[in-house]
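Before any comments, here is the structure.
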Amino acid sequence: MNDIAVHAEALASSSEPAPRAAATLVVVRDGPCGLEVLLLRRAERGDHNSGAWVFPGGLVDPGDRLASACAAGLDARTANERLGLDEGALDHYLCAIRECFEECGLLFADGPRPDAPTLRTWRQRVHRGELAWADLCRQAGWVLRPDRLAYLSHWLTPKGRAKRFDTRFFVAVAPAGQDTAHDELETVEHGWFRPEDALARAPARFKLMTPTRVTLDLLSRFAHTSALMAWAQAPRQVALVMPRIGRGPQGERPVMPDEPAWAEIGRLDPQGHGHASYALEPGVPVRLSERVIRITAPNGNVMTGPGTNTYLVGGGAAHRWTVIDPGPPDEAHVQAVLAAATGPIEAIVLTHSHQDHSPAAWRLRELTGAPVAGRWPAHPQGHDAHLALDVELQHGQRLSCAEHAHLRVWHTPGHASNHLCFLLEEEKLLFTGDHVMQSSTVVINPPDGDMTAYLDSLRALLDLDLDWLAPGHGFLMAEPRRVLEGLIAHRLHREALVLQAVARLGPASVPVLREQVYADLRPALHAMAERSLLAHLLKLQSEGRVRESKAGWIVA
């Protein structure tokens, strides 16, 4: 889902008020040990922000627009282009300047600066609404300078919160010669911190909200303000960030868009009630739709990630179910699958027969009488030695799981010669097994694994009309075409690195090439990386681009 679609989704609900426009100003300076950022501690007010360390900021006020008559350096049209708004963007800049002035006394403006007591009085009067912001600027002879602010990020409060804010974050270098002072009303303490130091403080004593924590992490990548501002002022796309509320082992918390569960939470809990999980919990059935239930096996490790997913597909009035990938030979998992089915299990289908996907099939067949369907592998390496199929499936075959639940079989060799994906036609949802995994690339292990076949299978899936991917490892994945194109691009990039390494180092062995192509990989994954690297070499050899000599691999 792109940023525009997320924004529209978040703003469209008629059951709750629209988020209120707000602005935040991240103020930085160069300290003796590098970049420092100003943080203020909120007063205790009985809400979830109470006591949190934050950046200056607040709601956009109608008076901020009137203050544009006292501003210079940034025109309304340019501001609108930067923030992607049709109108009103300059209001956000001027709000950020006003809030910074009210909360900590820093003023981004040209003109005379009064003594401290006068400044304090003006801040308080503006805060209480006794003195209009525009009137103060005219009275004090100030020219506001929104051009000194760089647009940093765009945050939207998760759906389901009692108060929601559509907040534009800006960043600016602290004005020279000005002292900071918290307002003792909304804020009760302030300080300058190295971003990494603020992040390292104990959460129980130094409360940070999610946008603050993420922003501090971004700031920590820059040693000095000049580097930060150069990056922030350069042309770039500022993505909308809208966390979603999820539950899990850590209780309820915001889930960020780059977390694996984010897309699935949006599908299962569109109103933000907080009942969808951000964790794959073994043995816990998750109802993904009226036709699909997921149960994750307790076999999480470096290769399987959070564990292997077993899916129940079907339901309907008769509660008939087909099992996709019964998983490893774990009795507790088999019992969890049986318990999750609200009716008879009538069929068992396999995406492939690797050890974490198919071995439980025999036990499930024993308990239910359901036939096992899949394909036989071309090579036995790495496959379930006890594989027993009652039916061999063919590409394009259509399986009926229930009256309104049909699976289309797609042969997708590459990771395994017998690999299948299953398209749930009614939901445009593709069960991908290990053909597409979340948060990890698939190992291609010759001879049964074949890189040419894998890329061809990925490209073939681009022709399908898909809305979601249901991987063998991970959560539901949105934007299938973007995911598939990304995987193809990643493999081709890796292939280019392999070819460059052969040209530079050849003749070279696979371990020597791996040191160059997978330079940052931890040792536990070296063996599997070498198998995928060999698969790339075999593909390049079939194309006549490299060949294997007695001394090692060389360019053909």
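Restricting the search to the range 363-373, which residues are open to solvent by less than 20 Å² (accessible area, probe 1.4 Å) and either of a type in the set (S, T, N, Q) or under 14 Å from Gly327 (Cβ atoms) (or both)?
Initial filter on the range 363-373 (open to solvent by less than 20 Å² (accessible area, probe 1.4 Å)): 364, 370, 372-373.
Residues satisfying the conditions are Leu364, Val372.
For the range 295-306, enumerate the residues that are crowded, with 22+ Cβ neighbours inside 10 Å, under 22 Å from Thr322 (Cα atoms) and not small (Gly, Ala, Ser).
Residues satisfying the conditions are Ile295, Thr296.
Out of all the residues in the range 142-167, which are at pLDDT 95 or above, more than 20 Å from the chain's Cα centre (by Cα) and not hydrophobic (A, V, I, L, M, F, W, C)?
Arg145, Pro146, Asp147, Arg148, Tyr151, listed by residue number.
Pick from the range 295-306 the residues that are polar (S, T, N, Q) and assigned to a loop (DSSP other than H, G, I, E, B): which of them is farthest from the chain's Cα centre (by Cα)?
Within the range 295-306, the subset polar (S, T, N, Q) is 296, 299, 301, 304.
Next cut, assigned to a loop (DSSP other than H, G, I, E, B) only: 299, 304.
Values: Asn299: 24, Thr304: 19 Å.
For the range 295-306, the residue satisfying everything is Asn299.
Can you tell me which of (1) touching a Pro at 6+ places or on another chain (Cβ under 9 Å); (2) over 19 Å from Arg20 (Cα atoms) is the one Leu39 doesn't meet?
(1)
Go through Trp410, Trp468 for me and flag whichever is more than 27 Å from Pro298 (Cα to Cα) and of a type outside the set (Lys, Arg). Outline the logic, then answer.
On the way: Trp468 fails: more than 27 Å from Pro298 (Cα to Cα).
Only one candidate qualifies: Trp410.
Being charged (D, E, K, R) and surrounded by fewer than 17 Cβ atoms within 10 Å (Cβ to Cβ) is the filter; apply it to the range 282-294 and report the residue that is farthest from the chain's Cα centre (by Cα).
Restricting to residues being charged (D, E, K, R) and surrounded by fewer than 17 Cβ atoms within 10 Å (Cβ to Cβ), the top hit is Glu290.
Checking the condition farther than 30 Å from His273 by Cα, in a strand (DSSP E or B), open to solvent by less than 70 Å² (accessible area, probe 1.4 Å) and not basic (Lys, Arg), which residue from His182, His190 passes?
Exactly one residue qualifies, and that residue is His190.
I want to confirm something. Restricting to the range 236-276 and keeping residues that are of a type in the set (A, V, I, L, M) and part of a loop (DSSP other than H, G, I, E, B), which single residue is farthest from Arg161 (Cα to Cα)?
Across the range 236-276, the extreme among qualifying residues is Val238.
Take the residues of the range 503-538 that are assigned to a loop (DSSP other than H, G, I, E, B) and small (Gly, Ala, Ser): which is surrounded by the fewest Cβ atoms within 10 Å (Cβ to Cβ)? Explain how you work it out, then say what you get.
In the first step, residues of the range 503-538 are kept if they are assigned to a loop (DSSP other than H, G, I, E, B); the result is 506-507, 509, 518-522.
Cutting the leftovers down to small (Gly, Ala, Ser) gives us 506, 509, 519.
Working: Gly506: 19, Ser509: 15, Ala519: 8.
Here the residue is Ala519.
For the range 91-137, how many residues meet the condition of being assigned to a helix (DSSP H, G or I), open to solvent by 20 Å² or more (accessible area, probe 1.4 Å) and among the hydrophobic types (A, V, I, L, M, F, W, C)?
2
For Leu312, all conditions in the list (1) open to solvent by 30 Å² or more (accessible area, probe 1.4 Å); (2) more than 20 Å from His383 (Cα to Cα) hold save one; what is the number of the exception?
Of everything listed in (1) open to solvent by 30 Å² or more (accessible area, probe 1.4 Å); (2) more than 20 Å from His383 (Cα to Cα), Leu312 misses just condition (1).
Tell me yes or no: at least one residue of the range 65-83 is closer than 14 Å to Pro175 by Cα and either surrounded by fewer than 16 Cβ atoms within 10 Å (Cβ to Cβ) or within 33 Å of the chain's Cα centre (by Cα) (or both).
No, the range 65-83 has no match at all.
Report yes if some residue within the range 444-453 is outside any loop (DSSP other than H, G, I, E, B), more than 21 Å from Thr308 (Cα to Cα) and either of a type in the set (Phe, Trp, Tyr) or in contact (Cβ under 8 Å) with a residue 60 or more places away in the chain (or both); otherwise report no.
yes
If I filter the range 539-552 down to residues being farther than 18 Å from Asp450 by Cα and of a type outside the set (Lys, Arg), which single residue comes out as least open to solvent (accessible area, probe 1.4 Å)?
Only one residue tops the list, namely Gly552.
Restricting to the range 194-235, name every residue that is in a loop (DSSP other than H, G, I, E, B), closer than 28 Å to His275 by Cα and not hydrophobic (A, V, I, L, M, F, W, C).
Result: Pro203, Lys207.
If a residue must be of a type in the set (Ser, Thr, Tyr) and within 18 Å of Thr167 (Cα to Cα), how many such residues does the range 18-64 contain?
1
Being among the β-branched types (Val, Ile, Thr), open to solvent by less than 50 Å² (accessible area, probe 1.4 Å) and touching a Pro at 6+ places or on another chain (Cβ under 6 Å) narrows it down to one of Val442, Val436, so name that one.
Val436
Could you grab the pairs with beta carbons closer than 9 Å, sequence gap of 6+ or different chains, first residue in the range 63-77 and assigned to a helix (DSSP H, G or I), second one among the basic types (Lys, Arg)?
Once the first residue is assigned to a helix (DSSP H, G or I) and sits in the range 63-77, its partners that are among the basic types (Lys, Arg) give Gly63/Arg98; Asp64/Arg98; Ala67/Arg98; Ala69/Arg138; Cys70/Arg138.
Out of the residues in the range 251-281 that are among the aliphatic types (A, V, I, L, M) and closer than 22 Å to Asn49 by Cα, state the one that is most open to solvent (accessible area, probe 1.4 Å). Please lay out each step first, then the result.
If we filter the range 251-281 for residues that are among the aliphatic types (A, V, I, L, M), which is where we start, we get 255-256, 261, 263, 265, 268, 276, 279-280.
Now restrict to residues that are closer than 22 Å to Asn49 by Cα: 255-256.
Working: Val255: 0, Met256: 27 Å².
Filtering the range 251-281 for residues that are among the aliphatic types (A, V, I, L, M) and closer than 22 Å to Asn49 by Cα, the one most open to solvent (accessible area, probe 1.4 Å) comes out as Met256.
Looking only at the range 379-407, filter to residues that are within 25 Å of Pro447 (Cα to Cα), surrounded by fewer than 14 Cβ atoms within 10 Å (Cβ to Cβ) and out of contact with any Phe, Trp or Tyr (no Cβ under 8 Å at 6 or more places or on another chain); which one of those is modelled with the lowest pLDDT?
Gln381
When you look at Glu36, is it modelled with pLDDT of 95 or more, open to solvent by 30 Å² or more (accessible area, probe 1.4 Å) and either part of a helix (DSSP H, G or I) or not polar (S, T, N, Q) (or both), yes or no?
The answer is no for Glu36.
The values are calculated or read from the model by the stated rules, or taken from the named source; none is laboratory data. Everything numeric here is computed off the predicted structure, so don't read it as measured data. As a convention, Cβ positions derive from the backbone with ideal geometry for all residues, glycine included, and neighbour counts pool all protein chains shown. Accessible surface areas use protein heavy atoms only, side chains included; no ligands, DNA or RNA. Shrake-Rupley method; radii C 1.70, N 1.55, O 1.52, S 1.80 Å.
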